[in-house]
Amino acid sequence: MARYAYVNGRYVEHRQASVHIEDRGYQLADGVYEVVGVHDGRLIDETPHVDRLDRSLRELRIAWPVSRAALGFIMRELMRRNRLRDGLIYMQVTRGVARRDHAFPTVDVKPALVLTTKNTKRAGVDPGPGIAIKSQRDIRWERCDIKTVALLPNVLAKQAARESGAYEAWLIDADGYVTEGASTNAWIVTQDGELVTRPVDNGILAGVTRHTLKALCAALQLKFAERPFSLTEAKRAREAFITSATSFVTPVVKIDGEPVADGKVGPTARRLREEYVRFAATGASVT
Ligand code: PLP
């Protein structure tokens, strides 16, 4: 079965899909993206993902390439063509194609829109054995709240993690606090059972999964605090985990080679994953 991509108004075979060499996303990382999870044929948290795309576009003064309604249609049409039941939809908008210059094009340039999909195994309630984390200095810019395609520091951090045998990197700011993962948000459960994640500001991406989990914690009446936590505190935590559209809730069992607590998946992360998978199956959006 052919796999399709959507490129600027056309559904094309994935292996033949391409963009112009002077696309500003390609040359200058002048673009934004979103990743929406798909679970059992349903988009997870579609509305907040499209809202965040809208915010990213506004922050960079890139126009919407199509209407919001049209984007919803394109996502579903690509899912249909690619028989996507579980996995993700990737969408990217760049400022468009123009003669290379750092400043915005002065002629009218249409933003470029690309969508692809990826099929994966259905995410289940079983969190697996948990993952290892490697800490890395956070060397990113001051607008990590914008979901841009400029991901080189994240790429390098993730690669360093993988080369050390860890799955994800946790990025550490100048004061020793964990900002977030290379492509996930970071959480801990303290020794007295409080869930902690860093507050949303321009130092991290406001994860949609993070936001949904916050709502689930409130519904479950779990103790929850938004405050920065240090790497030292994380290493002494009772539990730790990451969240994202593709990892859902994934427990962290090792940080920089040291086990978190007894090095086994803890009950809070296990329960929150179950709750999140249940939520994902509803196709609802937390607003
Ligand atoms: N932080 C970063 C840097 C990310 O790239 C991502 C996802 O790609 C996240 C956090 C998690 O965001 P979400 O839950 O919306 O996938």
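Below are the figures for this structure:
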{"item": "Fewest-first sequence of MET75, MET1 by Cβ atoms within 10 Å of each Cβ", "result": "MET1, MET75"}
{"item": "Kirkwood Rh, Cα atoms: Rg over Rh of the stretch 131-282", "result": "0.93"}
{"item": "Packing-based exposure ordering (other Cβ within 10 Å, fewest first) of GLU180, GLU233", "result": "GLU233, GLU180"}
{"item": "Stretchable slack from ASP126 to ALA69, in nm (0.36 nm times residue separation minus alpha-carbon distance)", "result": "17.0 nm"}
{"item": "HIS102-SER230 pseudo-label distance in nm [points 7 Å out on the Cα-to-Cβ vector]", "result": "3.8 nm"}
{"item": "Mean separation of Cα contacts under 8 Å, 6 or more apart, over the residue count of the stretch 131-282: relative contact order %", "result": "24 percent"}
{"item": "Cα-Cα separations in the stretch 188-273 greater than 17 Å, expressed as whole percent", "result": "45 percent"}
{"item": "Selected from VAL107, VAL38, VAL208 as most flexible by GNM, with the chain as the system and alpha-carbon contacts under 10 Å", "result": "VAL107"}
{"item": "The stretch 4-119: radius of gyration and largest Cα-Cα distance (Dmax), Å", "result": "14.2, 45"}
{"item": "Using distinct alpha-carbon pairs, which all enter the 1/r mean, Kirkwood radius of the chain in Å", "result": "19.8 Å"}
{"item": "Of ALA225, ALA166, ALA103, the one that fluctuates the most in a GNM where the chain has Cα springs shorter than 10 Å", "result": "ALA103"}
{"item": "Rounded to 5, percent antiparallel among DSSP beta bridges of the stretch 65-198", "result": "70 percent"}
{"item": "Amide proton proximity set for PHE224, modelled H, under 5 Å, gap of 5+", "result": "LEU195"}
{"item": "Gaussian network model of the chain, Cα within-10 Å springs - most flexible of HIS39, HIS20, HIS211", "result": "HIS20"}
{"item": "Karplus-derived HN-Hα couplings along the stretch 259-276 (A = 6.51, B = -1.76, C = 1.60, θ = phi - 60°), whole Hz, x at Gly and Pro", "result": "x, 7, 6, 8, x, 10, 5, x, x, 5, 4, 4, 5, 5, 5, 4, 5, 5"}
{"item": "Helix-only CD estimate at 222 nm, as mean residue ellipticity for the chain, using -39500 (n - 2.57) per DSSP H run (n ≥ 4)", "result": "-8000 deg cm²/dmol"}
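Throughout, read-outs are computed from the coordinates displayed, never taken from laboratory work. Please read these numbers as outputs of a predicted model, since none were measured by experiment. No Cβ is skipped: glycine too gets one built from the backbone with ideal geometry, and neighbour counts run over all protein chains shown.
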